[in-house]
Amino acid sequence: VCLTCCSRDVMVKIDQICHKNSVKFFTGDVFGYHGYMFADLGEHEFVEEKTKVTKVSPGVEDGPDTKKAKLDSSETTMVKKRVVFCQLKEALAVDWSGEKAKAALKRTTPDYFLLQ
């Protein structure tokens with residue numbers, strides 16, 4: 001489900017219905033130079049390709065890099081990952097005054113609060 005140009009209450013209500021029924025939900029809007037986008041994909045599973053790390057065996061090489069692991073770009077492995085997305089209601093209810101939020105606050109653009 002994709003929503004645009006809706007009130008906050010409508011977005012929250014539709015997202016709750018979608019989340020309950022395992023339906024992916026996207027919402028967003030643009031106001032001149034400012035805009036937002038939110039996605040609630042519920043439980044999302046995907047596969048990521050990772051480069052294998054090979055460890056150098058002692059005695060084979062000499063020098064400062066002997067103990068460091070080396071990346072072998074020719075060998076890769078597929079890793080299955082799972083992400084659980086939060087609902088819009090939870091995302092909007094973040095307490096920005098807590099200790100935990102201080103680090104996130106530094107990475108959050110002031111536009112976020114303008115759109116709130």
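Quick look at the values:
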| read-out | value |
| --- | --- |
| Potential extension, residue 89-residue 116 segment - 0.36 nm per residue separation minus Cα distance | 8.4 nm |
| Net charge of Cβ neighbours under 10 Å - reference residue 80; Lys, Arg +1; Asp, Glu -1 | 0 |
| Largest to smallest principal axis extent of the C-alpha atoms in the range 6-45, angstrom | 33, 24, 8 |
| Cβ crowding within 10 Å averaged over residues, with 40-53, 12-25 ranked highest first | 12-25, 40-53 |
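Throughout, read-outs are computed from the coordinates displayed, never taken from laboratory work. The model shown is predicted, which means the values in this text are computed figures rather than measured ones. As a convention, Cβ positions derive from the backbone with ideal geometry for all residues, glycine included, and neighbour counts pool all protein chains shown.
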